[in-house]
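A.B. asks: Take a look at the following structure, please.
The values are calculated or read from the model by the stated rules, or taken from the named source; none is laboratory data. As the structure is a prediction and not an experimental result, all values here were calculated from the model. Here Cβ is always computed from backbone atoms with ideal geometry, including for glycine, and neighbour counts include all displayed protein chains. Just so you know, the surface numbers come from the protein's heavy atoms only, side chains and all, with ligands and any DNA or RNA stripped out. Shrake-Rupley method; radii C 1.70, N 1.55, O 1.52, S 1.80 Å.
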Amino acid sequence: LKGKVDEVYQLQDAVRERDVELEGVHGDLEETRLELDNFLKSKEVNEKKLVHDIEKENEALRKELNETASKLGDTSAELTKAEGNLQAFNIQMQDITKEC
């Protein structure tokens with residue numbers, strides 16, 4: 001009977017050691033879960049900031065593009081006017097040449 005009691009005590013000690021090990025593993029898992037949660041929150045914040053930055057940059061580029069298009073329209077109008085003036089000048093020169 002003494003041998004069986006010793007065996008029970010040994011098994012209880014082994015169970016206590018295993019419980020301590022499992023508590024450590026549980027603590028490690030909880031720490032890892034918290035780290036993962038923090039990482040995911042940080043990643044989400046970074047993604048939102050990146051999207052915001054991209055949208056801001058797109059808006060700036062869109063504005064610049066609209067300004068450039070407007071300037072091109074103005075330049076095109078000026079070129080058309082200059083072309084008309086050049087044609088009028090050429091006609092005048094032809095008239096002067098005919099008179100001479």
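A.B. asks: Write out, first by first residue and then by second, each pair whose Cβ atoms fall under 8 Å of each other, whose residues are 6+ apart or on separate chains, and whose first residue, in the range 78-93, is in contact (Cβ under 8 Å) with a residue 60 or more places away in the chain and among the basic types (Lys, Arg) while the second is open to solvent by less than 100 Å² (accessible area, probe 1.4 Å) and in a helix (DSSP H, G or I).
C.D. replies: Here the result reads none, with nothing in the range 78-93 linked to a residue that is open to solvent by less than 100 Å² (accessible area, probe 1.4 Å) and in a helix (DSSP H, G or I).
A.B. asks: Here's another thing I want to ask about it. Which of the numbered conditions does Leu40 fail, given that it passes all the others? Conditions: (1) open to solvent by 100 Å² or more (accessible area, probe 1.4 Å); (2) under 36 Å from the mean Cα position of the chain (by Cα).
C.D. replies: (1)
Per-residue answers, yes or no, for (1) loosely packed, with under 10 Cβ neighbours inside 10 Å; (2) outside any helix (DSSP H, G or I); (3) at pLDDT 95 or above; (4) not aliphatic (A, V, I, L, M):
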site	(1), (2), (3), (4)
Gly3	yes, no, no, yes
Glu30	no, no, yes, yes
Arg33	no, no, yes, yes
Leu36	no, no, yes, no
Glu47	no, no, yes, yes
Ile54	no, no, yes, no
Glu64	no, no, yes, yes
Thr68	no, no, yes, yes
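A.B. asks: If you go through the range 70-100, how many residues are open to solvent by less than 100 Å² (accessible area, probe 1.4 Å) and of a type in the set (D, E, K, R)?
C.D. replies: Final tally of qualifying residues: 2.
A.B. asks: For a quick check of your reading of the model, give me the residue pairs whose first member lies in the range 20-34 and is in contact (Cβ under 8 Å) with a residue 12 or more places away in the chain, whose second is outside any helix (DSSP H, G or I), with beta-carbon atoms closer than 9 Å and at least 6 apart or on different chains.
C.D. replies: Cβ pairs passing all conditions: none.
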